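Take a look at the structure set out below.
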Amino acid sequence: MPSQAQPANSAVIAAPLSLTGEGERSGQAILNGLRLAVEEALAAEPELRVRIEQLDDRSNDAAARSLAEQVAASTAVAAIGPSTSTRSLVAGPAYAAGGLVSLPANATSDAITQNATTFRVVFKNSDLGEMLALYLARVLNRRAASVVVIQNGYGATLQEGFVRTASRLGLDVNIHPLAGNADAAALEAISAELLRERERAVVLLTLEPEGARLL
């Protein structure tokens, strides 16, 4: 729990986000939104004393866990972060152990809420996977897909929703697993497989860096 009590109208909000590295764009967007929300709150209630403590996990899972331990032992009233599902999954146990609420703004994995103090603030991955399958069949009128799935807690929950719905719709699906630390050779191999299946629609159930490299 936070180590020191704060005055009733004073609060520190921790922002342990990916402010550099591959997740910088997402982390900076969350931080900007948080700053705007605090500015509006202070304009409405000038007597409030709210401070944002921004922290950079450098788009690194181990750093996200370390920051979670640091924040959970601080005077922060909540953590707005981490930025992504994979980092929330590793940081969540530390927030739970410290009894501190974690609100990972862009984390959509179904599994993040297995940690007692982590709360999802957007749709969950299995819902998104379902929507993608429905879009493929009902909007694009495609019946076959090559599906690339990143092999972590993020990709697994996307796959569950997609495959469940694709099965119900009678879609023909080929799954192509992609390791989270895939090198250039692995990405080229997956790309070659997708080109051999060029008559199929391509669905990327990956994080942004892997998806961009595949494209």
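The values are calculated or read from the model by the stated rules, or taken from the named source; none is laboratory data. Keep in mind that what you see is a predicted model, and the values were worked out from it rather than measured. Counting neighbours? That spans all protein chains shown, and the Cβs are built from the backbone with ideal geometry, glycine included. The accessibility values were calculated without ligands, DNA or RNA, using every heavy atom of the protein model including side chains. Shrake-Rupley method; radii C 1.70, N 1.55, O 1.52, S 1.80 Å.
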- Global form of the stretch 79-163, assessed from the alpha-carbon gyration tensor, a/c cut-off 1.5: prolate
- So if we plug the beta-carbon distance of ALA184 and LEU215 into 1/(1 + (r/R0)^6) with R0 = 25 Å, what FRET efficiency do we get, rounded to 0.05? 0.95
- Item | Spatial extent of the stretch 1-113: Rg and Dmax, with the Cα atoms as the point set, Å | 13.6, 38
- Task: Would you work out if the stretch 122-215 is rounded, prolate or oblate? Take a ≥ b ≥ c from the square roots of the eigenvalues of the alpha-carbon gyration tensor; rounded if a/c is under 1.5, else prolate when a/b is larger than b/c, oblate otherwise.
- Result: oblate
- Taking only the C-alpha atoms, wrap a convex hull around the chain and report its volume per residue in Å³ as a whole number. 121
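Using a 1.4 Å probe on the protein heavy atoms, what percent of the accessible area of the stretch 52-153 belongs to carbon and sulfur?
On the way: 2250 of 4180 Å².
The nonpolar share, carbon plus sulfur, comes to 54 percent.
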- Leaving out ligands and nucleic acids, note down the accessible area per residue over the chain with a 1.4 angstrom probe, in whole Å². 50
- Please work out the FRET efficiency for the pair GLN114 and GLN151, using the Cβ-Cβ distance as r and a Förster radius of 25 Å; give the result to the nearest 0.05. 0.85
- So for the pair ALA73, ALA29, with labels modelled 7 Å out along Cα→Cβ, what separation do we get in nm? 3.4
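If you put +1 on each Lys and Arg Cβ and -1 on each Asp and Glu Cβ, how big is the dipole of the stretch 129-181 around its Cα centre, in Debye rounded to 20?
Values: 5 positive and 3 negative charges, 39 e Å.
Once rounded to the nearest 20, the dipole reads 180 debye.
For the chain, what's the relative contact order in percent, using C-alpha pairs closer than 8 Å and at least 6 residues apart? Walk me through the numbers before you get to the answer.
Details: 417 pairs, mean separation 35.1, N = 215.
After rounding, I find 16 percent.
What is the stretch 1-117's relative contact order, in percent, from Cα pairs under 8 angstrom and six or more apart in sequence? Display every interim value, and only then the final one.
Working: 236 pairs, mean separation 37.1, N = 117.
About 32 percent, as a whole number.
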- Message: For the chain, take the longest principal axis of its alpha carbons; what is the angle in degrees between that and the long axis of helix 61-72, to the nearest 10 within 0 to 90?
- Response: 30
- How much accessible surface area, in Å² rounded to 10, belongs to the heavy atoms of VAL173 with a 1.4 Å probe? 40
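How big is D for the stretch 96-145, in µm² s⁻¹ as a whole number, if Stokes-Einstein is applied with the Kirkwood radius of its Cα pairs at 37 °C and 0.692 mPa s? Walk me through the intermediate numbers first.
Working: Rh = 12.6 Å.
Rounded, D is 260 µm²/s.
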